[in-house]
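Below you'll find the structure, written out as structure tokens, and then a few comments.
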Amino acid sequence: MSGFVFQTTPKVISEIGGISRVGDLIAGLGVHKALVICDPGIAASGLAERATAALSHAGIAPFVFDAVEADPPVRVVRRAAEAARAFGADGIIGLGGGSSLDTAKVVALLANIDQSIEELFGVDLARGRRLPLIQVPTTAGTGSEVTWVSVLTDDTGQKKAVYAPQLLPDIALLDAELTLGMPSRVTAATGLDAMVHAIEAYTSRTRKNVISDALATKALALLGRHIGPVLADGSDVAARAAMLEGSMLAGIAFINASVASVHALSYPLGTHFHVPHGHGNALVMGPVFRFNLPHAQTAYAELAPHLLPGRVFVSERAAAEALVEGMAEIFAASGLETRLGALGITEADIPGMAEEVTVGITRLLVNNPRDMNFDDVAGLYHEIL
């Protein structure tokens, strides 16, 4: 393992009921007018109102932008940035799932710099400082609250990523109470998303490092131990808190080590068929993990005891296969659809998706333990058709 650079959020607060302190926290960053960015569901649930009440109590003028969409289109991000400027916001709060948090990160930049979204796509292309930013996740999956990447959908319908250290927030606030209303399907999809983050970070062949490895194994242990209980009893706030913390650790791990082919194969499912990101990852992870086994056996075997504590494995191969099978069993028990066909995806769609992955998402394929070509990707999609 060669040298590495590790970056993360300067402050993480994990506190049940912590949303009540968001006003004081952002006031401590010198903010007077805060834009809360969320989706319509978060606004309808009353969570945005809880945030604005805390802001008002702390003497902060609040304004809510509640039009975030899944797989955030750049047109929506532009509208949010315009809303921030029109309001005169000097601070941003992201509240919601990964789409809201990814939107908030870019808006915090756009509202304070003289660059377009298109100029930000790529690695380290942002110039200048963002506005103060607090990220408050309401799902336990994306880890977006602790990453310096935002994945958006451009005007042509393609996924594009902004990688910039300025996207790391000042504070990530984890309040498990905010996840109590999450439907079982969302809990399953986001939990599996976080578990994939941990596994892909640990098996990355480009930026894997000792710190990300430690975080990935702890994340997988927390998530594996608590995803079953939280699906069985969504009101278990302690299990919800553990899932949030596991997701956060996995987020720090993958942003410093990278994700790989599971994410690459899932992106077309979201872009073209509106499959939620976590569900897309869950759909393709089994075929990808099995494909990777000959090249990732040792790493998978090292991860197995963290997912399956107490299990005895007779060989490295047995341990690696147990990890892959263990993840498949969690998916099968999740209640999520397990076949592409059930989501309206047909055999005719596979060539286009495979081309998109192998031509347009090579930035993720290079991190995979095993090389993939067009035929490999098409074959993996066929396995789950």
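Does Ala241 fit the bill of being among the small types (Gly, Ala, Ser), at negative phi, touching a His at 6+ places or on another chain (Cβ under 8 Å) and surrounded by fewer than 24 Cβ atoms within 10 Å (Cβ to Cβ)?
no
Condition test on Glu118, is it within 16 Å of Gly270 (Cβ to Cβ), assigned by TED's automatic domain parsing to the domain that holds Gly157, under 22 Å from the mean Cα position of the chain (by Cα) and surrounded by fewer than 17 Cβ atoms within 10 Å (Cβ to Cβ)?
Criteria not met by Glu118.
Restricting to the range 251-305, count the residues that are charged (D, E, K, R) and within 29 Å of Gln7 (Cβ to Cβ).
Here the count works out to 1.
Which of the helices (runs of 4 or more DSSP H) contained wholly in the range 346-385 include at least 3 residues that are exposed (fewer than 14 other Cβ atoms within 10 Å of the Cβ)?
374-383
Among Thr206, Thr179, which is under 22 Å from Leu364 (Cβ atoms) and hydroxyl-bearing (Ser, Thr, Tyr)?
Thr206
Does any residue of the range 185-199 turn out to be over 25 Å from Val31 (Cβ atoms) and over 14 Å from the mean Cα position of the chain (by Cα)?
Yes, because at least one residue in the range 185-199 is over 25 Å from Val31 (Cβ atoms) and over 14 Å from the mean Cα position of the chain (by Cα).
Kindly check whether there is at least one residue in the range 211-231 that is part of a helix (DSSP H, G or I) and acidic (Asp, Glu).
Yes: the range 211-231 contains one or more residues that are part of a helix (DSSP H, G or I) and acidic (Asp, Glu).
Against the definition (outside the structural domain of Arg240 (by TED's automatic domain parsing) and surrounded by 18 or more Cβ atoms within 10 Å (Cβ to Cβ)), how does Asp39 come out, yes or no?
Yes; evaluated as a whole, the condition is true for this residue.
Filter the range 257-283 down to the residues that are assigned to a helix (DSSP H, G or I), more than 13 Å from Glu200 (Cα to Cα) and of a type in the set (Val, Ile, Thr) and list them by number.
Result: Thr271, single match.
Examine the range 308-319 for a residue that is under 15 Å from Ala198 (Cα atoms), crowded, with 20+ Cβ neighbours inside 10 Å and either hydrophobic (A, V, I, L, M, F, W, C) or at pLDDT 95 or above (or both), and state whether such a residue exists.
no
Against the condition farther than 22 Å from Leu174 by Cβ, surrounded by fewer than 21 Cβ atoms within 10 Å (Cβ to Cβ) and of a type in the set (Asp, Glu), how does Glu69 come out, does it pass?
yes
Give Ile26, Ile37 a once-over and let me know the one that is under 23 Å from Ala81 (Cβ atoms), under 21 Å from the mean Cα position of the chain (by Cα) and of a type in the set (A, V, I, L, M).
Ile37
What residue, of Leu120, Leu101, is modelled with pLDDT of 95 or more and over 14 Å from Cys38 (Cβ atoms)?
Leu120
Residues checked against (1) surrounded by fewer than 24 Cβ atoms within 10 Å (Cβ to Cβ); (2) under 22 Å from the mean Cα position of the chain (by Cα); (3) closer than 16 Å to Gly191 by Cα:
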{"site": "Glu245", "(1), (2), (3)": "yes, yes, yes"}
{"site": "Ser266", "(1), (2), (3)": "no, yes, yes"}
{"site": "Gly270", "(1), (2), (3)": "yes, yes, no"}
{"site": "Pro287", "(1), (2), (3)": "yes, yes, no"}
{"site": "Gln297", "(1), (2), (3)": "yes, no, no"}
{"site": "Glu302", "(1), (2), (3)": "yes, no, no"}
{"site": "Ile330", "(1), (2), (3)": "yes, yes, yes"}
{"site": "Thr338", "(1), (2), (3)": "yes, yes, yes"}
{"site": "Gly344", "(1), (2), (3)": "yes, no, no"}
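Given the condition at pLDDT 95 or above, out of contact with any helix residue (DSSP H, G or I) (no Cβ under 7 Å at 6 or more places or on another chain) and not assigned by TED's automatic domain parsing to the domain that holds Met353, answer yes or no: does some residue in the range 166-184 qualify?
Yes, because at least one residue in the range 166-184 is at pLDDT 95 or above, out of contact with any helix residue (DSSP H, G or I) (no Cβ under 7 Å at 6 or more places or on another chain) and not assigned by TED's automatic domain parsing to the domain that holds Met353.
Within the range 177-202, track down each residue that is under 24 Å from Ile134 (Cβ atoms), buried (at least 24 other Cβ atoms within 10 Å of the Cβ) and small (Gly, Ala, Ser).
Gly191, Ala194
Sort out which residues of the range 83-115 are more than 18 Å from the chain's Cα centre (by Cα), buried (at least 21 other Cβ atoms within 10 Å of the Cβ) and farther than 21 Å from Glu49 by Cβ, and write them in order of number.
Within the range 83-115, Ala108, Leu109, Leu110, Ala111 qualify.
The values are calculated or read from the model by the stated rules, or taken from the named source; none is laboratory data. All values derive from a computational prediction rather than experimental measurement. No Cβ is skipped: glycine too gets one built from the backbone with ideal geometry, and neighbour counts run over all protein chains shown.
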